[in-house]
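The values are calculated or read from the model by the stated rules, or taken from the named source; none is laboratory data. Remember, it's a predicted structure, so these values are computed and weren't measured experimentally. Backbone-built Cβ (ideal geometry, glycine too); neighbour counts: all protein chains shown.
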Amino acid sequence: MESRENINSKDINKNIELKDSIIFGGKNKKIRTESLIGKSNNRVATNDMGHNLFSTIMLYIALFLGAYFFFIRPNKKRQKEAIDFVNGLKPGDDIILTSGLYGKIISIYDDEFLIEFGENKSLRVKVSKNHVFKKQNSDTQEDKNN
């Protein structure tokens, strides 16, 4: 008489073969799932999937942080400096516009400057604050006069 353990393992093997033959269309392929016998490979597969998911998430976080520190942050810093520069201008400052024109600020409105151009200061034009390139230095003014 066979022991109970041998009978159980034979029954389990038959169940595995029967299950595999049903799944794989009646072909007698012996693919053992091992989970029915008590050895579980599912735990290893789950840990690998968790590790891969964690690695993928960490990669995306690293890419986002890299993009933030190399592109977004410096751009915001430049924008803040430009806004501070424009807000620091006052009437009487000599400026250079993005078009290359030299002028003097006469008055300041919400989003515009009234700028005076020309030798005899007869031309006054409203210009958007966004079009101011830089403040005219004394060096630039000397080059302009020469």
Original post:
Looking at Ile105, Ile31, which is the one that is β-branched (Val, Ile, Thr) and modelled with pLDDT of 90 or more?
Top reply: Ile105
Subject >> the stretch 74-94 - residue that is surrounded by 11 or more Cβ atoms within 10 Å (Cβ to Cβ) and among the charged types (D, E, K, R) and, of those, farthest from His131 (Cα to Cα) >> reply: Lys76
Original post:
What are the residues in the stretch 109-131 that are more than 16 Å from Ala82 (Cβ to Cβ) and of a type outside the set (Asp, Glu), if any?
Top reply: Tyr109, Leu114, Ile115, Phe117, Gly118, Asn120, Lys121, Ser122, Leu123, Arg124, Val125, Lys126
